[in-house]
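**Q** Following this message is one structure expressed as structure tokens.
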Amino acid sequence: MDPIELKRAVGSGLLSFPVTHFHQDLKFDEDAYRKHIEWLAGYGAAALFAAGGTGEFFSLNPQEIPSVVAAAKGSAGKTPIISGAGYGTSLAIDIAKSAEKSGADGLLLLPPYLMFSEQAGLINHVRAVCKSVGIGVIVYNRDNAVLTADSIARLCDECPNLIGFKDGVGDVDKVIEITTKLQDRLVYVGGMPTHEVYAQAYFAAGVTTYSSAVFNFVPALAQRCYQALRTGNQPVVDEILKNFFFPFVALRNRKKGYAVSIIKAGLRVLDRDPGPVRPPLIDLSPEETALLERIVQANDIEKIAAE
């Protein structure tokens, strides 16, 4: 997909990160993954991110990522597929090229491995990855890769295929500075964990789309929440936050790494088992999974899907 087309597509609606399915021996379960992508594509996501954070990018070896991307691309119909890329610059370039070759419509550039660095180093890193491919790139601002507005403006000048900025930091004042400085040069994506609880503040900052992890197992609810947010239907937003997202976040916060594990547990609740998470993550306990099931049942997901 042309970078400008991808930019337009990403900004047109709700986004999501499919989980990556594994067998019990932790090998990639391509058949189950393809079925999951096909199911999600039926719920109108503007784009899906294969091998992203919720897709356990950190546990995939570089040789697995092209297989995941190709499987997603082959099952998503017209829905654009954006691949994760990351680690050190050399490895990130290798992953980016292999993802492009496997059919990815774009890349989400995750933070480089471990090291904190100066803005000049981050600029060099992002620039090198952007110039290694022809597809569009979205840079993920979080952890040890927090770019300033001036750095992003410089990258936009030097990299025509840098089409997006995703924020996972939560400093809304900095986001406002970036959106004000860059205007429509980029598409802006909210990327906080369970971003629905932050979305109203981000919308006010000019970020009009976000990635929804819960779209993996309650896609109709996720879309209902997104549409209510976009149209300013505050009673519906408040109802969904109170009845679903606040108890969901409380359960997610019980243990480290549950931002991914709880999504796979949600699919198990719906009898769509994606397999276990890979180490170092751990799965929810049976008691916690039962609690998640009660949260899902309390929100009458089937009725929402029928609306």
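**Q** Could you check which residue among Ile176, Ile65, Ile263 shows the biggest mean-square fluctuation in a GNM of the chain with a 10 Å Cα cutoff?
**A** Ile176
**Q** So which residue, out of Asn161, Asn253, Asn216, gets the largest mean-square fluctuation from a GNM of the chain using Cα contacts under 10 Å as springs?
**A** Maximum fluctuation in the GNM of the chain, among the listed residues, is at Asn253.
**Q** Another question, then. Rounded to the nearest 20 Debye, what is the dipole magnitude of the stretch 200-307 about its Cα centre when Lys and Arg each give +1 and Asp and Glu each give -1 at the C-beta?
**A** About 380 debye.
**Q** Filter Lys7/Lys166; Lys35/Lys73; Lys7/Lys78; Lys73/Lys131 down to the pairs with a C-alpha to C-alpha distance above 18 Å, please.
**A** Exceeds cut-off: Lys73/Lys131.
**Q** With an 8 Å cut-off on Cα pairs and a minimum separation of 6 or more residues, tell me the relative contact order of the chain in percent.
**A** Here the relative contact order equals 18 percent.
**Q** Go through the cysteines of the chain and tell me which have no other cysteine Cβ under 4.7 Å away.
**A** Cys156, Cys225
**Q** Order the peptides 242-252, 192-202, 22-32, 77-87 from the highest to the lowest mean number of other Cβ atoms within 10 Å of their residues.
**A** On the way: 242-252: 17.3, 192-202: 19.1, 22-32: 13.9, 77-87: 22.6.
Final packing ranking: 77-87, 192-202, 242-252, 22-32.
**Q** Using a 10 Å cut-off on Cβ atoms, rank the peptides 151-158, 104-111 from the highest mean neighbour count down.
**A** Going by the mean number of other Cβ atoms within 10 Å, highest first, we get 104-111, 151-158.
**Q** Additional query: Between Ser12 and Ser90, what length in nm is gained on full extension when 0.36 nm per residue of separation is reduced by their alpha carbon distance?
**A** Extra length available between Ser12 and Ser90 comes to 24.8 nm.
**Q** Separate question: Carbon and sulfur: what percent of the chain's accessible surface (1.4 Å probe)?
**A** Whole-percent figure for carbon plus sulfur exposure: 53.
**Q** Also: What does the highest-first list of 136-146, 283-293, 266-276, 43-53 look like by mean Cβ count within 10 Å?
**A** 43-53, 136-146, 266-276, 283-293
**Q** Oh, and also: Roughly how many Å² is the accessible area per residue of the stretch 3-232, as a whole number, for a 1.4 Å probe?
**A** In whole numbers, the stretch 3-232 has 38 Å² accessible per residue.
**Q** Right, here's the next one. If the cut-off is a Cα-Cα distance under 21 Å, which lysines reach Lys255, setting aside same-chain residues fewer than 8 apart in sequence?
**A** Lys264
**Q** Still on this model: Under a GNM of the chain (C-alpha, springs under 10 Å), which listed residue has the highest mean-square fluctuation: Pro160, Pro279, Pro66?
**A** In the Gaussian network model the winner is Pro279.
**Q** With each run of n ≥ 4 DSSP H residues scored as -39500 (n - 2.57), what mean residue ellipticity at 222 nm is computed for the chain after dividing by its residue count and rounding to the nearest 500 deg cm²/dmol?
**A** Theoretical 222 nm ellipticity from helices: -13500 deg cm²/dmol.
**Q** Take the Cβ-Cβ distance between Glu287 and Asp157 as r, set R0 to 51 Å, and report the resulting FRET efficiency rounded to the nearest 0.05.
**A** The calculated FRET efficiency here is 0.45.
**Q** Assuming R0 = 35 Å, what is the FRET efficiency of Glu118 and Arg254, from their Cβ-Cβ distance, to the nearest 0.05?
**A** 0.45
**Q** Sticking with this one: Along the charge dipole of the stretch 114-164, Cβ charges K/R +1 and D/E -1, which of Met115, Ala128, Leu155 sits furthest on the positive end?
**A** In the stretch 114-164, that residue is Ala128.
**Q** Please report, in debye to the nearest 20, how large the charge dipole of the chain is about its Cα centre when each Lys and Arg carries +1 at its beta carbon and each Asp and Glu carries -1 there. Walk me through the numbers before you get to the answer.
**A** Details: 30 positive and 34 negative charges, 37 e Å.
In debye, rounded to 20, the chain gives about 180.
**Q** List the lysines whose Cα sits under 21 Å from the Cα of Lys242, skipping any in the same chain fewer than 8 residues away.
**A** Lys303
**Q** At 0.36 nm per residue, and after removing the present C-alpha to C-alpha distance, how many nm does the segment from Phe58 to Lys181 gain when stretched out fully?
**A** Gain on extension, Phe58 to Lys181, equals 41.1 nm.
**Q** His23 versus Glu239, label points 7 Å from Cα toward the beta carbon: distance in nm?
**A** 4.5 nm
The values are calculated or read from the model by the stated rules, or taken from the named source; none is laboratory data. Values in this document were obtained by computation on a predicted structure and should not be read as measured data. Positions of Cβ are generated from backbone atoms using ideal geometry, with glycine treated the same way; all protein chains shown enter the neighbour counts. Only protein heavy atoms, including side chains, enter the accessible area calculation; ligands, DNA and RNA are left aside. Shrake-Rupley method; radii C 1.70, N 1.55, O 1.52, S 1.80 Å.
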